[in-house]
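Peer 1: What follows is a structure written as structure tokens; I'll ask about it next.
The values are calculated or read from the model by the stated rules, or taken from the named source; none is laboratory data. Just so it is clear, the structure is predicted and the values come from calculations on it, not from any experiment. No Cβ is skipped: glycine too gets one built from the backbone with ideal geometry, and neighbour counts run over all protein chains shown. Side chains included, ligands, DNA and RNA excluded: accessible areas come from the protein's heavy atoms. Shrake-Rupley method; radii C 1.70, N 1.55, O 1.52, S 1.80 Å.
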Amino acid sequence: QVQLVESGGGLVQAGGSLRLSCVASGRTFSNYVMGWFRQAPGKDREFVAGISWRAIDKSYADSVKGRFTISRDNSKNTVSLQMNSLKPEDTAVYYCACSMYSGVRTASAAYDYWGQGTQVTVSS
């Protein structure tokens, strides 16, 4: 079992920044691919960013490329998502997830464990 706890969400004006963090406990964190997903009201959960266990491979949704940066610190069992130039359409609940697949996957079905989510609201 892996437990994931997100933090860092909040209310920010358009153009602002937030940094989300996710702390993992349980099994060896460094063995997992980590990902961030988000779900806006009335919409399906969507992939935002993912990072391989050595942080060599990173993947981003087209909608966040150039604005969001994913990183991880295996010594602290933490994965982070730096979000800059936020837009109202980034408003959603953001979820941290981990996957035992060897590569970064964008499908939510590829992820085995999920956090409880943290709300991000961007005002216009």
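Peer 1: For region 1-35, which residues satisfy the criterion of being more than 21 Å from residue 74 (Cα to Cα) and polar (S, T, N, Q)?
Peer 2: Those that are more than 21 Å from residue 74 (Cα to Cα) and polar (S, T, N, Q): 13, 17.
Peer 1: So which of 59, 52, 102, 123 ends up being open to solvent by less than 60 Å² (accessible area, probe 1.4 Å), more than 15 Å from the chain's Cα centre (by Cα) and not aliphatic (A, V, I, L, M)?
Peer 2: 123
Peer 1: How many residues are out of contact with any strand residue (DSSP E or B) (no Cβ under 7 Å at 6 or more places or on another chain), touching a residue at least 24 places away in the same chain (Cβ under 8 Å) and more than 15 Å from residue 60 (Cα to Cα) when one looks only at region 93-115?
Peer 2: 2
Peer 1: A follow-up question, please. Is it fair to say residue 2 is among the aliphatic types (A, V, I, L, M), under 15 Å from residue 104 (Cβ atoms), in contact (Cβ under 8 Å) with a residue 40 or more places away in the chain and in contact with a strand residue (DSSP E or B) (Cβ under 6 Å, 6 or more places away or on another chain)?
Peer 2: Judged against the criteria, residue 2 is not a match.
Peer 1: What are the residues in region 15-52 that are among the aromatic types (Phe, Trp, Tyr), touching a Cys at 6+ places or on another chain (Cβ under 7 Å) and at pLDDT 95 or above, if any?
Peer 2: Once the filter is applied, which keeps residues that are among the aromatic types (Phe, Trp, Tyr), touching a Cys at 6+ places or on another chain (Cβ under 7 Å) and at pLDDT 95 or above, region 15-52 yields only 36.
Peer 1: Name the residues in region 33-49 that are open to solvent by 10 Å² or more (accessible area, probe 1.4 Å) and more than 11 Å from residue 94 (Cα to Cα), would you?
Peer 2: 41, 42, 43, 44
Peer 1: While we're looking at this one, here's another question. Residues that are in contact with a Phe, Trp or Tyr (Cβ under 9 Å, 6 or more places away or on another chain) and touching a residue at least 60 places away in the same chain (Cβ under 8 Å), at least 3 per element: which strands (runs of 3 or more DSSP E) completely within region 10-75 meet that?
Peer 2: Because the criterion is at least 3 residues that are in contact with a Phe, Trp or Tyr (Cβ under 9 Å, 6 or more places away or on another chain) and touching a residue at least 60 places away in the same chain (Cβ under 8 Å), the strands (runs of 3 or more DSSP E) in region 10-75 that meet it are 18-26, 33-39.
Peer 1: Is there a residue being at pLDDT 95 or above and within 11 Å of the chain's Cα centre (by Cα) anywhere in region 85-94?
Peer 2: yes
Peer 1: Going through region 85-99 one residue at a time, which ones are among the hydroxyl-bearing types (Ser, Thr, Tyr) and open to solvent by 40 Å² or more (accessible area, probe 1.4 Å)?
Peer 2: Within region 85-99, 85 is the sole residue that qualifies.
Peer 1: Let me ask something additional. Take region 65-84 and flag every residue that is open to solvent by 40 Å² or more (accessible area, probe 1.4 Å) and over 12 Å from the mean Cα position of the chain (by Cα).
Peer 2: Answer for region 65-84, where residues must be open to solvent by 40 Å² or more (accessible area, probe 1.4 Å) and over 12 Å from the mean Cα position of the chain (by Cα): 65, 66, 73, 74, 75, 76, 77, 84.
Peer 1: Continuing with the same structure: Looking only at region 85-100, decide whether some residue is of a type outside the set (Ser, Thr, Tyr), out of contact with any His (no Cβ under 6 Å at 6 or more places or on another chain) and more than 30 Å from residue 124 (Cβ to Cβ).
Peer 2: Yes, region 85-100 contains at least one residue that is of a type outside the set (Ser, Thr, Tyr), out of contact with any His (no Cβ under 6 Å at 6 or more places or on another chain) and more than 30 Å from residue 124 (Cβ to Cβ).
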